[in-house]
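Read-outs throughout are calculated quantities, based only on the coordinates presented, and are distinct from any laboratory measurement. Nothing here was measured: the structure is a model prediction, and the numbers come from that model. When we count neighbours, we look across all protein chains shown, and the Cβ atoms used for this are built from the backbone with ideal geometry, even at glycine.
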Amino acid sequence: MNHPTPAIVPQSAVRRLPRVALWLFCAAYVLPGLFGREPWRGNEFNAFSYMLALAEGSSDWLNPNIWGQLPELDALLPYWLGAWAIQIAPDWISAGLAVRIPFALLLALTLASTWHGVYYLALSPQAQPVPFAFGGEAKPKDYARTIADGAVLALIACLGLALLSHEASPILMQLSMVSLVFYGVAALPYHPRYSLTALTLGLLGLCLSGAPSFAVLMAVGSGLLCLLDRQSTSLKTARRHALWLLIVGMAVAALATLMDIWHWRLLPLHQDLQAWRNLLRLMAWFTWPAWPLAIWTLWHWRRQWASLHWSRHLVLPMWFVLLTVSTALLTPSSSRTLLLSLPAFATLAAFALPTLRRSVAALIDWFTLLFFTGSALLIWIMWIAMLTGWPTKPAANVARLAPGFEPAFEWLAFVVALAATIIWGWLVIWRSARHRHALWKSLVLPAGGAALSWLLLLTLWMPLLDFAFSYKPWVHQIQSVMNKQDPNKTRNVCVLSYGLTTSQMMAFHYHGGFDVKKVEMTNPTQERSCPWLVVDNDLRPELPHVVKLNEWTRVRSIYRPADRKENVTLYYRRQP
């Protein structure tokens, strides 16, 4: 039997969230971090290295490698996208900015796909609110639009989305492709052609983004859900959709086999109790505040998803959450895999809104208000301390953690940050005032607080963060030492390296303009043409077995300002 929906929603509760406000929310989240910085070390610079190598023609497009080093993920499409962006960008746009532009569009695609996917899920009859005896219940499209708005706000509010979604790396493309697949499955009963196109592009894109096995599992599982869904389409149509998904899944498997990117990266389940605690702690903050609302949804809608006549607006996001979380438990990079679960978590969180009690909504508001107001206050205090030296303790901490950093006042960053803070204050006042209740109001403060904190960090703290996370200050420091040793050999010259990572070598090439060569991959003639040698400080004892030390003069050791573990020793070739 079909159980009655627990959603009792009048038309007044689904009044429209102004599109301008929603667009501003999204822009305030997507745009910070796009401008005014270099590629940051870690996942972003590692991916950027391969993009730059492809764009410069020093790597094979079908087998990207740098100095014989393969990327961590066999993700061809993200590297191609970044390389194409570098190639078509005008000269006044740096390679780092050129790469970030298409990946910012991928984040926008994630938000748009989530909105449209949730909209069509909320249109399904099982998701609609209870009809009133004398009318006045929420209209289907208005209700669906409100739930979709809530899903986007919940997604923006997720703490784990902030950093990884603003890095130009394969994981962001995986997130956008998963969101595209989610939209495709959700909209199948309403727009089959568009949906099947989105499914095909999403699954193939996921395959070429380093997750072919995940794409196959998603295709097979989604096809099975379509086959079992007897309430949205006819049996004949459901079979046709399931068959198409099966064919696409087989095409993904064939493509992965053909391009030799079919690699399993699964690990056995953790046996250590502490590892499980760390993983649960990661999941708790990474998916906050969506996971408590998702649990609320599963409890209050339990009759709809636990019965034989299950509801697709619940089972579909549950399937996506189950697949992504299970994969996260078995992969070494749990946080990156958990990122793929956030659109589905946000969907479940949005369906909690029709059943959310006022006391719970008030608790969410108060927690959000205290947390994000405190975060904003801390960011402002640290910024003032950086510029003025007062309060002294925060200023001393900055000087200790980022030695050599010289802060400077930037008017544009200050104006944007001040405007965002004023808007946050207005949001708090508006939310605490007595207005007609709208379902999306409960997620305005969480989303606004997350966007505010991210925007403040990427405006007021941008110079500090860029100094700490980019390789540029380190490379320029090494260039300065080189210039003192020999001013004529500091630009466009050969530099030998030993023990450096791929990212470090590419940083010397990108930020310093050096022609970097690995000692192990050069012949004696090439080696003699290089006046400089850069060695990882921990591997200096091995140097006598690699080069002739009597031909080199040690200049000095130079560590990266924000991380003393990244320490290299510079050598200069002795003149004959």
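Quick notes on this one:
- Remark: the R556-L387 segment gains 57.7 nm on full extension, using 0.36 nm per residue and subtracting the alpha carbon distance.
- If the segment from L24 to S12 were pulled out straight at 0.36 nm per residue, it would be longer than the present Cα-Cα gap by 1.9 nm.
- Restricting the calculation to Cα atoms, every distinct pair contributes to the Kirkwood radius of the range 304-370, found to be 13.8 Å.
- Mean Cα-pair separation over length for the chain, i.e. relative contact order, pairs under 8 Å, 6 or more apart, %: 16
- Loop-resident sites, the range 364-430, for chymotrypsin sites (Phe, Trp or Tyr not before Pro), counting at most 16 other Cβ within 10 Å (DSSP): F409
- Sequence-distant contacts, meaning Cα pairs under 8 Å at least 6 residues apart, place the relative contact order of the range 440-576 at 22 percent.
- Per-residue Cβ neighbour rank within 10 angstrom, fewest leading, V568, V178: V568, V178
- Once the mean of 1/r is taken over each pair of separate Cα atoms and inverted, the chain shows a Kirkwood hydrodynamic radius of 26.0 Å.
- Between 0 and 90°, nearest 10: helix 76-88 axis offset from the chain longest Cα axis: 70
- Estimated 222 nm signal from helices in the chain, with DSSP H stretches of n ≥ 4 weighted -39500 (n - 2.57), rounded to 500: -19000 deg cm²/dmol
- The orientation-averaged shadow of the Cα convex hull for the range 472-573, equal to a quarter of the hull surface, comes to 5.8 nm².
- Classification of the range 142-260 by its C-alpha gyration tensor yields an oblate form. The axis ratio a/c (a ≥ b ≥ c) is 1.5 or more, and b/c is at least a/b.
- Beta-bridge orientation, the chain: approximately 65 percent antiparallel, per DSSP, counting only bridges with both partners inside.
- A crude spin-label estimate for the pair A254 and W411, with each label 7 Å from Cα along the Cβ direction, gives 6.1 nm.
- Cα-based helix-to-principal-axis angle, 43-56 vs the chain, degrees rounded to 10: 70
- Arranged from fewest to most other beta-carbon atoms within 10 Å of their beta carbon, R41, R193, R240 become R193, R240, R41.
- Convex hull volume of the range 193-260 per residue (C-alpha atoms, cubic angstrom): 66
- Against the chain, whose longest principal axis is taken from its Cα atoms, helix 19-30 shows a tilt of about 30°.
- Simple point charges give the picture: +1 on the Cβ of Lys and Arg, -1 on the Cβ of Asp and Glu, and for the chain a dipole about the Cα centre of about 1380 debye.
- Label separation (Y190 vs L217): 2.9 nm, computed from points 7 Å beyond Cα along the C-beta direction.
- The A396 and W366 beta-carbon pair, evaluated with R₀ = 51 Å, returns a calculated FRET efficiency of approximately 0.95.
- Computed from the Cα positions only, the extents of the range 1-58 along the three principal axes stand at 62, 36, 20 Å, in decreasing order.
- Packing rank of 507-519, 159-171, where each peptide gets the mean count of other beta carbons within 10 Å, highest leading: 159-171, 507-519
- Left without a cysteine partner by the 4.7 Å Cβ rule in the chain: C26, C158, C207, C226.
- Two-decimal Rg to Rh for the range 22-128 - Kirkwood Rh, Cα set: 1.11
- Cα-Cα separations in the range 363-469 greater than 23 Å, expressed as whole percent: 35
- For the range 19-355, alpha-carbon Rg relative to the globular expectation (2.2 N^0.38 Å, N residues): 1.01
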